[in-house]
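Here's the structure we're looking at; comments come further down.
The values are calculated or read from the model by the stated rules, or taken from the named source; none is laboratory data. Quick caveat, the model's predicted, so the values are computed rather than measured. Cβ coordinates were reconstructed from backbone atoms using ideal geometry, including for glycine residues, and neighbour counts include every protein chain displayed. These accessible areas exclude ligands, DNA and RNA; they are computed on the full protein's heavy atoms, side chains included. Shrake-Rupley method; radii C 1.70, N 1.55, O 1.52, S 1.80 Å.
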Amino acid sequence: MTKHQNSCQPTLAFVGGGQMASALISGLIRAGRDSETILVIEPMPAQRIRLEKDLRVQTASTADERLAGVDMVVWAVKPQVLQQALDDARSHLGAALHVSIAAGIPVQTLADWLGSQRVVRAMPNTAALVGAGVTGLVAAGGVSDADRRATEATLAAAGHYFWVDDDERLDAVTAVSGSGPAYVFHFLEAFQAAAERVGFDPGTARDLVLRTALGALEQAKLGDSFGLLRERVTSKRGTTEAALTVLDEKRTPEAVMAAVQAAYARAGELSRELSGRT
Ligand SMILES: NC(=O)c1ccc[n+]([C@@H]2O[C@H](COP(=O)([O-])OP(=O)(O)OC[C@H]3O[C@@H](n4cnc5c(N)ncnc54)[C@H](OP(=O)(O)O)[C@@H]3O)[C@@H](O)[C@H]2O)c1
């Protein structure tokens, strides 16, 4: 008897068992989901062993008959290999709801490739790996209210989620929350370098910068506008004003504006490339 004949019929499948799939599955298991109900299709043996050992899910190297019975398939492979993964699995696909987290592939392209309108495209960000992500969601025409609730129940494992109306809005989500963690890391990196320049060792500089950022974010979470918070902490002719004057002179706000615009434009280009609509 093979391993999977001993296991129950899975109800949720992941195609691709990489870091994003693993993070979502860990979150779901922490929230009480029975790991035996999850099937992961993953070609890499080492990944499968890790998934079986650490998460105790069912695994397969390629799609098999278990896939036909699941309620939801989460596509968690790189965008460049999604179409191939889909073709490989096609003969085993049942009537499941499909949720793709592959960056950049428009929901209607996914629906065309799958031959189904029960498709959701999700755009998570890297903080999903620690359950603190922001995920934008867009639904194709065949997605019911119950499908939306099922998607939300799965994506809640990644953190906060919200629905948008179309792929164009998801390009904007990509430019803000999708790429956004890297903007924050970039600032923190520069901030740490500056802290080292005024004499702190790298460890202390990192700690000071991190605690400063976390503290400011805790304050910002209370709801006052970012501008008001900045004004309150900036006294005339003080140290903060001296620093902020330099940031303005160096045109930091304009640079951030241009950076987000560039990401937005690139998200649109990538969607067109990945869907073959150039
Ligand atoms: N990580 C992030 O922060 C992030 C943020 C937003 C969106 N996303 C999206 O999430 C998706 C997954 O990202 P990730 O970071 O988890 O990538 P990853 O760690 O590379 O995981 C992808 C996994 O899929 C496997 N795979 C490749 N071809 C396959 C096939 N035909 N059938 C089944 N599995 C296959 C890969 O195996 P091999 O290693 O053997 O290729 C790998 O284990 C991507 O589309 C990415 O755009 C990720």
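Applying the criterion of being buried (at least 16 other Cβ atoms within 10 Å of the Cβ) and within 14 Å of the ligand (Cβ to nearest atom) to the residues of the range 67-80, the residue that is nearest to the chain's Cα centre (by Cα) is ALA76. Residue pairs whose Cβ atoms lie under 6 Å apart, sitting 6 or more positions apart in sequence or on different chains, and linking a residue in the range 160-186 that is under 16 Å from LEU217 (Cβ atoms) to a partner that is outside any helix (DSSP H, G or I), are HIS160/VAL134; SER177/ASN125; SER177/VAL134; PRO181/ASN125.
The residues listed here are ALA213, ALA194, ALA156; of these, the one that is in the same structural domain as VAL73 (by TED's automatic domain parsing), part of a helix (DSSP H, G or I) and among the small types (Gly, Ala, Ser) is ALA156. GLY27 falls short on exactly one of the conditions (1) modelled with pLDDT of 95 or more; (2) more than 12 Å from the ligand (Cβ to nearest atom); (3) open to solvent by less than 20 Å² (accessible area, probe 1.4 Å); (4) part of a helix (DSSP H, G or I), and that condition is (1). Within the range 92-110, the set of residues being away from the ligand (no atom under 14 Å from the Cβ) and either assigned to a loop (DSSP other than H, G, I, E, B) or surrounded by fewer than 20 Cβ atoms within 10 Å (Cβ to Cβ) (or both) comprises GLY94, ALA95, ALA96, GLN108. Here the range 118-138 is the region considered, the condition is being more than 20 Å from ARG266 (Cα to Cα), open to solvent by 20 Å² or more (accessible area, probe 1.4 Å) and in contact with a strand residue (DSSP E or B) (Cβ under 9 Å, 6 or more places away or on another chain), and the residue that is farthest from the ligand (Cβ to nearest atom) is ARG118.
Quick check on ARG50: is it open to solvent by 40 Å² or more (accessible area, probe 1.4 Å) and at pLDDT 95 or above?
Working: open to solvent by 40 Å² or more (accessible area, probe 1.4 Å): yes; at pLDDT 95 or above: yes.
Criteria met by ARG50.
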